[in-house]
Amino acid sequence: MRDRFIVLVLLLSVASTNLNIWTDELRHEDTNQGIFLLLIMDFNDFMCPTCLDSLLDFCRQLPVSFRKRCIQGVVVTDKYRKKESGDSFEKIMEKKIKGFVKANHVEFPILLDRNQIFGPLIKKGTSVFIFNTETHAITQHVFPLTLQEVGLIRLLSKSSS
Amino acid sequence: MWNRLSVLYEVSQVIEIRTDQRRGRIFVAVLAFTLFLSYRQPHLNAGEGIQTVDLREVLSIGDLEDDVLYMWAGVVSDEEGNIYVTDAMDYSLKKFDVLGQYVGKCGRRGQGPGEFLAPRLLSSSGRFMYATDQSLPGIQVFSQELRFQYRIPFPWAISCMKVLTDDRIAIVPVSVNENGYIYFIDRRGDILEEVKYCDDNQEMLMNLVEVEVDLEGSIYLAYCFKDRIEKMSSEGEKLWSCVLLDGRKIERKKIKTFMVPTRITYKSIAMDNSQRLYVLGGSLSKNESRDVYILNTEGQHFATLTLPEPSHCIYLDREDYLYSRANEGTTLKKYEVKFETENHASSMQRESR
């Protein structure tokens, strides 16, 4: 419980910093409301074609400009990391992520969760966190998303594009 | 060996002093005989006189800095020594020349001809490359120039594939009902032959095997989830069966209504030109996914080599170079296998031709 609280505080502080930056950008571009998405992915899903389909199909349904500006990806490798994994582990994972990004034409940045901060947030699986600048709310949606969830995010993303 | 016997003799002398003389001698004799047998085992080499086996790296493809390999899954080579790999992370089939230089690649994510969702196994007739996909049925066939040729239909997921000729392919399917069979199919996907290798009516997956076929058509099986290695004739007659890990059983756990194994016993099997069988151990081995057990064609285990890093598979090319994984699949390593005999060190590559 304590760990989750710490992580949430960290996440919110990171998010609020980014929110300010993105909000400013959005305001500068004269939009009334906006969202940005934090996509936290379990690396194991990269090896699961069905899981990957769900994730990539969702991303493709969002406007191109939104994909490029308003999504940040983070890859969690906690389950993949072994006790004996050495210093090269991060390099190996970053290389694999690079291959994934290139092969799937991913248009948003993806970082590796080097410090294993985000893992506790996705115990139920790969998730998308919606930061809503209008309502100042953060909501988590676990993949595979329902049709309603996809519809809602698409609607919100169009407002932000 | 003589050093060990002399040590045993010295020990027996000490024990004899401390125990009743007659009982002590009997005990020591039994102890000495048991120890002698246990020391002797690794040197039972079916007349080859092989003492140890070692690896020498000769080629490394892909490293942490380049964009050559992301997660290679299957590997094979052609008659000229070019190397082909399937890369699961970027949905491709890649080609490297004999020096390890990148030549080209084909494929992308998709379900069309020449496309992949999850490329995995690779085998070759020498002329063509055969690739399976975990998520797509059948086998895709490519030329040496990486041009898609055709797809061979097959109704079930493929666990193991061995291309013997362009018209004879051995397949072990993953199927709930069809377990325990090896199918030989032709280029159209027609079943030429079914060979039943296991009579146990086991639950799903427990009868999965890795297969190797020698030039005479004899079939070698390494069970993925049992401690069992077997040889069958081409007609399906079992010739021998052996265990290497004391017959240890794999634990299973329940997922939905299925009982599935939790660890792998043997991951891969390959044969060199001297008819030596190489079996890559899995989770039950002393060095998990690194120990490669070497057996002769009679099923006698005479040597073990240990790979520097865990691997999901091993492959032996036409010149008996051994290929395995490194850096979590971002690197492909090629090794020369060196056998040390009593009289001299010999490289397998000199013996094979």
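The values are calculated or read from the model by the stated rules, or taken from the named source; none is laboratory data. Just so you know, these numbers come straight off a predicted model, no measurement behind them. Note that we place each Cβ from the backbone using ideal geometry, even for glycine, and neighbour counts take in every protein chain shown.
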**Item:** Condition check for B:PRO155: more than 27 Å from A:VAL106 (Cβ to Cβ) and within 14 Å of chain A (Cβ to nearest Cβ)
**Value:** no
**Request:** Could you tell me whether B:GLY81 is more than 11 Å from chain A (Cβ to nearest Cβ) and modelled with pLDDT of 95 or more?
**Result:** no
**A:PHE43 being crowded, with 19+ Cβ neighbours inside 10 Å, within 20 Å of A:LEU121 (Cα to Cα) and within 13 Å of chain B (Cβ to nearest Cβ)** = yes
**Request:** Please state which one of A:LEU152, A:LEU156 is among the hydrophobic types (A, V, I, L, M, F, W, C) and surrounded by fewer than 19 Cβ atoms within 10 Å (Cβ to Cβ).
**Result:** A:LEU152
**Request:** Read through the list (1) of a type outside the set (Ser, Thr, Tyr); (2) over 26 Å from B:GLU65 (Cα atoms); (3) in a helix (DSSP H, G or I), then give the number of the only condition that B:GLY299 fails.
**Result:** (3)
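If only one of B:ASP214, B:ASP200 is over 18 Å from the mean Cα position of the chain (by Cα), over 21 Å from B:GLN134 (Cβ atoms) and not β-branched (Val, Ile, Thr), which one is it? Explain how you work it out, then say what you get.
Details: B:ASP214 fails: over 18 Å from the mean Cα position of the chain (by Cα).
Exactly one of B:ASP214, B:ASP200 is over 18 Å from the mean Cα position of the chain (by Cα), over 21 Å from B:GLN134 (Cβ atoms) and not β-branched (Val, Ile, Thr), namely B:ASP200.
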**Fill in**
Here the residues within the range B:120-148 that are surrounded by fewer than 17 Cβ atoms within 10 Å (Cβ to Cβ), within 19 Å of B:VAL103 (Cβ to Cβ) and not basic (Lys, Arg) are B:GLY126, B:SER143, B:GLU145
**Message:** Let me confirm something: among A:LYS124, A:LYS83, A:LYS79, which residue is at pLDDT 90 or above and of a type in the set (D, E, K, R)?
**Reply:** A:LYS124
**Request:** Output yes when any residue across the range B:335-346 is among the basic types (Lys, Arg), modelled with pLDDT of 90 or more and farther than 23 Å from B:MET232 by Cα, and no when none is.
**Result:** yes
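Answer with yes or no whether B:PHE154 is free of Cβ contacts under 8 Å to residues at least 24 places away in the same chain, within 17 Å of B:LEU121 (Cα to Cα) and buried (at least 19 other Cβ atoms within 10 Å of the Cβ). Working first, answer last.
Values: free of Cβ contacts under 8 Å to residues at least 24 places away in the same chain: no; within 17 Å of B:LEU121 (Cα to Cα): yes; buried (at least 19 other Cβ atoms within 10 Å of the Cβ): yes.
No, not satisfied.
I need a count of the residues in the range A:49-97 that are in a helix (DSSP H, G or I) and within 11 Å of chain B (Cβ to nearest Cβ).
Restricting attention to the range A:49-97, the residues satisfying the condition of being in a helix (DSSP H, G or I) are A:49-60, A:64-69, A:88-97.
After this cut, where a residue has to be within 11 Å of chain B (Cβ to nearest Cβ) as well, the list is A:49-50, A:52-53, A:56, A:88-97.
Within the range A:49-97, residues that are in a helix (DSSP H, G or I) and within 11 Å of chain B (Cβ to nearest Cβ) number 15.
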**Asked** Has the range B:222-231 got at least one residue that is outside any loop (DSSP other than H, G, I, E, B), at pLDDT below 95 and over 19 Å from B:PRO261 (Cα atoms)?
**Response** no
**Message:** Testing A:GLU107 on (1) surrounded by fewer than 18 Cβ atoms within 10 Å (Cβ to Cβ); (2) of a type outside the set (Lys, Arg); (3) within 30 Å of B:THR331 (Cβ to Cβ); (4) at pLDDT below 90, one condition comes back false. Which one is that?
**Reply:** (4)
**Message:** Looking only at the range B:129-151, filter to residues that are assigned to a strand (DSSP E or B) and not hydrophobic (A, V, I, L, M, F, W, C); which one of those is nearest to the other protein chains (Cβ to nearest Cβ)?
**Reply:** B:ASP133
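Yes/no matrix, rows are residues, columns are (1) within 14 Å of chain A (Cβ to nearest Cβ); (2) at pLDDT below 95; (3) touching a Cys at 6+ places or on another chain (Cβ under 7 Å); (4) on the phi > 0 side of the Ramachandran plot:
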{"position": "B:ASP54", "(1), (2), (3), (4)": "no, yes, no, no"}
{"position": "B:ASP66", "(1), (2), (3), (4)": "yes, yes, no, no"}
{"position": "B:THR86", "(1), (2), (3), (4)": "yes, no, no, no"}
{"position": "B:LEU93", "(1), (2), (3), (4)": "yes, no, yes, no"}
{"position": "B:GLN101", "(1), (2), (3), (4)": "no, no, no, no"}
**Message:** For the range B:90-102, give me each residue that is assigned to a loop (DSSP other than H, G, I, E, B) and free of Cβ contacts under 8 Å to residues at least 40 places away in the same chain.
**Reply:** B:ASP90, B:TYR91, B:ASP97, B:VAL98, B:GLN101
**Residue, farthest from the other protein chains (Cβ to nearest Cβ), within the range B:103-128, restricted to residues that are in contact with an Asp or Glu (Cβ under 8 Å, 6 or more places away or on another chain), within 17 Å of B:LYS162 (Cβ to Cβ) and part of a strand (DSSP E or B)** = B:SER124
**Item:** The lone exception for B:LYS286 - which of (1) loosely packed, with under 14 Cβ neighbours inside 10 Å; (2) modelled with pLDDT of 95 or more; (3) under 24 Å from B:ASP200 (Cα atoms) it fails
**Value:** (3)
